[in-house]
Amino acid sequence: MEQTRAALRLRTVLGHLGRTSAEAYTAHPTTWAVSSTSFRPPQFQYTLDNDILSLEQRKFYEENGFLVIKNLVSDDDITRFRNRFQRICKEEVKPLGMTIMRDISIEKSKFIPSEELITKVQNFHQDEELFRYCTLPEILKYVECFTGPNIMVVHTMMINKPPDSGKKTTRHPFHQDLHYFPFRPSNRIVAAWTAMEQVNRNNGCLSVLPGTHKGCLKPHGYPQWEGGVNIMYYGIQGYDENSPRVHLEMEKGDTVFFHPLLIHGSGWNKSQGYRKAISCHFASADCHYVDVKGTSQESFEKDILETLHKLYGFPEGASLKVRLFEMTGKDPFFPRLSFRCLIILIPDFLWK
Ligand SMILES: O=C(O)CCC(=O)C(=O)O
């Protein structure tokens, strides 16, 4: 029974990936106006009816906005992800469409391709090996409890938090992931984040503010940190520093699922090791797109445009439109690439 459910779920995801293109674009007024969700019976808004979660687990997620499942991903899989990451860092393989990031404290001149200098790879959807994480039946079976059976992969990351240089730049400020996502309803989006080794306060585990998923999307900006802050590491402006927080100390293979409005971040890495985690955001294929113009999410769009300007010479002053791809296939705008990613932001001057 368990196997059949998992196989069905996997087929659903792979089905999306194999489809020809579909797009969706819906204008929506403001971020603030859409933070609440589609109607569900009052006692369960954030989880869906199925037999995977126990009542206790459902209540916990409803109340707190996150749920840790112990020992979910196997050591073998984690070793494979780790090996692949190392090969990517050494530039032995170069998957298309992936963003590679390093810590702001690392001087450009010191940059040589190695695991020590890469803090994050994002959008690894075109890498068969890392993308396996997003199709693991043990992950998808939980994802379905939040998204329903039509599952899209919307964002992928492998995070390699380095030992801190002393400037505390390895911190990730408290934020809400919804800031990065121009689609709704938020309750049908969920993150899976798997510890690739033991994570604790010493090496910068995730910290969460339980229950904050019940609030709205808050304005984000770059924190004024003395040592600087990494690009795209937005933080919530003016959150209550005294809010109760939970440090998610986890063992290798443990996985936390969390709501995109849950306020979370991670501490600086005081250890000498590299704290690794692999993560994917999933959403229901029924989510619709929202225009971020005039909302607190607009700054994120600006960052992407600046990056496109720097990397590809895109004109200044361009704006982005959202396009949804649910497939592996050729995109007319970037014919070299074969997308598996489902959310593509396209500059307006390329939009037909
Ligand atoms: O893994 C971490 O340290 C934080 C990851 C995170 O919250 C993010 O990238 O949005």
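Evaluate the charge dipole of segment 47-161 about its Cα centre and quote only its size in Debye, nearest 20, assuming +1 on the Cβ of each Lys and Arg and -1 on the Cβ of each Asp and Glu.
Values: 16 positive and 19 negative charges, 99 e Å.
For segment 47-161, the charge dipole is close to 480 debye.
Would you mind computing, in nm to one decimal, how far apart the modelled labels at THR307 and GLU251 are, each placed 7 Å from Cα along Cα→Cβ?
Computed distance between label sites THR307 and GLU251 equals 3.5 nm.
So which aspartates and glutamates can LYS70 reach, going by Cα to Cα under 13 Å and dropping same-chain residues fewer than 8 places off?
The reachable aspartates and glutamates, counting only those whose Cα sits under 13 Å from LYS70, are GLU138, GLU197, GLU249, GLU251, ASP254.
Return VAL246, VAL143 ranked ascending by Cβ neighbour count within 10 Å, so the fewest neighbours appear first.
VAL246, VAL143
If the limit is 21 Å between Cα atoms, which of LYS141/LYS276; LYS120/LYS310; LYS120/LYS270 go over it?
Details: LYS141/LYS276 23 Å; LYS120/LYS310 19 Å; LYS120/LYS270 18 Å.
Among LYS141/LYS276; LYS120/LYS310; LYS120/LYS270, the Cα-Cα distance tops 21 Å for LYS141/LYS276.
What's the FRET efficiency of SER165 with GLN43 using the Cβ-Cβ distance as r and R₀ = 35 Å, to the nearest 0.05? Don't skip to the end; give the middle numbers.
On the way: r = 48 Å, r/R0 = 1.37.
Taking R0 as 35 Å, the efficiency between SER165 and GLN43 is 0.15.
Can you sort LYS293, LYS276 so the residue with the fewest Cβ neighbours within 10 Å comes first? Walk me through the numbers on the way to the answer.
On the way: LYS293 13, LYS276 21.
So the residues, fewest neighbours to most, are LYS293, LYS276.
Using a Förster distance of 56 angstrom, determine the FRET efficiency expected from the C-beta separation of ASN242 and HIS288, and round it to 0.05. List each step's numbers first, then the result.
Numbers: r = 36 Å, r/R0 = 0.65.
It comes to 0.95.
Just to be sure I understand: if I project the alpha-carbon convex hull of segment 163-298 onto a plane and average over all orientations, what area do I get in nm²? Show your work: numbers first, answer last.
Values: hull surface 34.0 nm².
The number I arrive at for segment 163-298 is 8.5 nm².
So for the pair ARG132, ILE52, with labels modelled 7 Å out along Cα→Cβ, what separation do we get in nm?
A separation of 2.0 nm, rounded to one decimal place.
Of all GluC sites (Glu not before Pro) in segment 204-295, which ones are in loop regions per DSSP and have a Cβ with at most 13 other Cβ atoms within 10 Å?
On the way: sites: GLU226, GLU241, GLU249, GLU251; in loops: GLU226, GLU241, GLU249, GLU251.
Sparse-neighbourhood loop GluC sites (Glu not before Pro): GLU226, GLU241, GLU251.
Summing +1 for each Lys or Arg and -1 for each Asp or Glu, what net charge is found among the other residues whose Cβ lies under 12 Å from the Cβ of GLN86? Show your work: numbers first, answer last.
Numbers: positive: ARG80, ARG82, ARG84, ARG87, LYS90, LYS276; negative: GLU91, GLU92, GLU115, GLU116, GLU129.
Surrounding charge for GLN86 is +1.
Read phi for every residue in segment 57-67 and hand back ³J(HN,Hα) as whole Hz from Karplus 6.51 cos²θ - 1.76 cosθ + 1.60, θ = phi - 60°, with x for Gly and Pro.
My calculation for segment 57-67 gives 5, 4, 4, 5, 5, 4, 7, 10, x, 8, 8 Hz in order.
Throughout, read-outs are computed from the coordinates displayed, never taken from laboratory work. Every value quoted in this text rests on a predicted model; they were computed, and no experiment measured them. Cβ: placed from backbone, ideal geometry, glycine included. Neighbour counts: every protein chain shown.
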